[in-house]
1. Taking amide H positions as placed in the peptide plane 1.01 Å from N, state which residues far from Val38 in sequence (5 or more) or on other chains have amide H under 5 Å from it.
2. Where does the charge balance sit around Val5 when Lys and Arg score +1, Asp and Glu -1, over other residues with C-beta under 15 Å from its C-beta?
Amino acid sequence: MTFLVLKFGGTSLVSLELRKKEAGKIIVVKEEGYAPVVVVYSHRPTGRSIYHGYLD
């Protein structure tokens, strides 16, 4: 099994549309036979999750 590290954060996650786009990249990597290791980071000063409102 080959691992592939994918790192997402900052402007690539600011909107629901962009988060869905990045999620699509993870799906493609998995379909290509890799085992994705996903790193998600956020430097929001409020401490709110980048997913706030996305999973509600």
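Coordinate-derived values only; no laboratory data. Quick caveat, the model's predicted, so the values are computed rather than measured. Quick reminder, even Gly has a Cβ in these numbers, built from the backbone with ideal geometry, and neighbours come from all protein chains shown.
1. Under 5 Å from the amide H of Val38: Leu6.
2. Neighbourhood net charge equals +1.
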